[in-house]
Amino acid sequence: MHITPQYLYQKRREFLKLGIGALVSSTLIGSKLSAFNFIEDKNLNNLKVSDEELAINYVNFYEFSTDKRKAVALAQNFNTQNWKIEISGEVEKPIILSMEDILKFPLEEKIYRFRCVETWSMVVPWIGFELRQLIEKVKPTQKAKFVKFTTLLDKNQFPDQNALFPTIDYPYVEGLRMDEAMHPLTLLAVGIYKKPLKPQNGAPIRLIVPWKYGFKSIKSIVKIEFVEKQPRTTWQNYAPNEYGFYANVNPNVSHPRWSQANERALGDFFTKPTLMFNGYEKEVSKLYKGMDLKVNF
Ligand code: MTE
């Protein structure tokens, strides 16, 4: 199945008309896919982008290992060829997309702050497209209230999935409320630092939700389902009192075992105060009006 060509054709033209599409990368994703075009982020907020080597190699990817350095090493031979993403559930037009289909969405660079629940942070130039563009294509039904995301389950490729006692429940599952998923900041990322995603960063496609703790930004996605009920996520299963469904970055709500008031940017010696909604308060606080963020953490 393919994305409606007419839609793509029009999008491409709009994109080209802007005249700022840059042909930047010629790196291959898998064997078939070649260069991708994207609109560069002008970084109007003057965010200090993290050093590339630091950012791409400081990872959490439990399927490979809970040890950050081992995870990078073990991810290097990750095979993402013939990757498919199933988009299903409460939608009028379920679809299975290849990465070739995915790369036809108009790609943009987005320089976002990224804050891990472990209190480290970075600023990353992602390349991707707004999740809402995909959502609009599949036409969710009235019943679709949440979006559930699932990572690949492959014991041959992921050592921790094959362990006698896996660290967490697999496959890794995350979820968003529909309005969060439709928010223009919510990105499906296929690239990082102007190149396709590295295996350790969630190749070939991952979610980025910059106002939430990093664990919401699920890697190596194979399924996106529209559901009626709030999905149970991997980290909620692991420790519901420590990792809530919303997981909005909030310096006023401590993790039961440590404060979230400050963070250390990769490469920095000193810590700095963490910003409400990770600095995206103006854009997203309206989504949570009237909600008690201490209870719904
Ligand atoms: N997605 C999967 N499938 N497996 C994981 O272990 N770790 C999460 C998130 N997405 C994780 C995942 C956590 S805890 C964080 S902080 C970010 O990915 C880290 O992204 P990075 O490794 O690209 O910095």
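Rule-based calculations on the coordinates, nothing more; no lab input. The model shown is predicted, which means the values in this text are computed figures rather than measured ones. When we count neighbours, we look across all protein chains shown, and the Cβ atoms used for this are built from the backbone with ideal geometry, even at glycine.
Using the Karplus equation 6.51 cos²θ - 1.76 cosθ + 1.60 (θ = phi - 60°), what ³J(HN,Hα) coupling, rounded to whole Hz, does each residue of segment 148-159 give in order, writing x for Gly and Pro?
Karplus-based 3J(HN,Hα) across segment 148-159 equals 10, 10, 10, 7, 3, 10, 7, 5, 6, 9, 10, x Hz.
For Lys84, list the aspartates and glutamates whose Cα falls under 12 Å from its own Cα; do not include residues on the same chain fewer than 8 positions away.
The reachable aspartates and glutamates, counting only those whose Cα sits under 12 Å from Lys84, are Glu100, Asp101.
Cut-off under 24 Å on the C-alpha distance; same-chain residues fewer than 8 positions from Lys143 excluded. Which lysines are left, in chain and number order?
Lys93, Lys216, Lys223, Lys229, Lys286, Lys289
With θ set to phi - 60° and the Karplus curve 6.51 cos²θ - 1.76 cosθ + 1.60, what are the ³J(HN,Hα) couplings of segment 184-190 in order, to the nearest whole Hz, using x for Gly and Pro?
x, 6, 6, 10, 9, 9, 10
May I ask you to compute the full-extension gain from Phe270 to Asn79, defined as 0.36 nm times their residue separation minus their alpha-carbon distance, rounded to one decimal in nm?
Details: separation 191, 0.36 × 191 = 68.76 nm, distance 3.83 nm.
Full-extension gain reported as 64.9 nm.
Filter Lys195/Lys272; Lys42/Lys282; Lys68/Lys137 down to the pairs with a C-alpha to C-alpha distance above 31 Å, please.
Values: Lys195/Lys272 29 Å; Lys42/Lys282 20 Å; Lys68/Lys137 37 Å.
Among Lys195/Lys272; Lys42/Lys282; Lys68/Lys137, the Cα-Cα distance tops 31 Å for Lys68/Lys137.
If only Cα atoms are counted, what is the Rg of segment 74-117, and what is its Dmax, in Å?
Calculated on Cα positions, Rg and Dmax stand at 14.9, 39 Å.
Glu283 to Val49: extension gain in nm, 0.36 nm per residue of separation minus the Cα-Cα distance?
That pair, Glu283 and Val49, stretches by 82.2 nm at full extension.
Quick one: what are the phi-derived ³J(HN,Hα) couplings along segment 227-234, Karplus 6.51/-1.76/1.60 with θ = phi - 60°, whole Hz, x for glycine and proline?
10, 7, 9, 4, x, 7, 9, 4
What do you get for Rg/Rh over the chain if you use C-alpha atoms and the Kirkwood form of Rh?
Reported Rg/Rh (Cα atoms, Kirkwood Rh): 0.94.
Can you tell me which aspartates and glutamates have their Cα less than 16 Å from the Cα of Lys104? Leave out same-chain residues fewer than eight positions away.
The qualifying aspartates and glutamates are Glu14, Glu130, Glu136.
Taking the Cβ of each residue in Asp101, Asp292 as the centre, tally the other Cβ atoms inside 10 Å and list the residues starting with the fewest.
Asp292, Asp101
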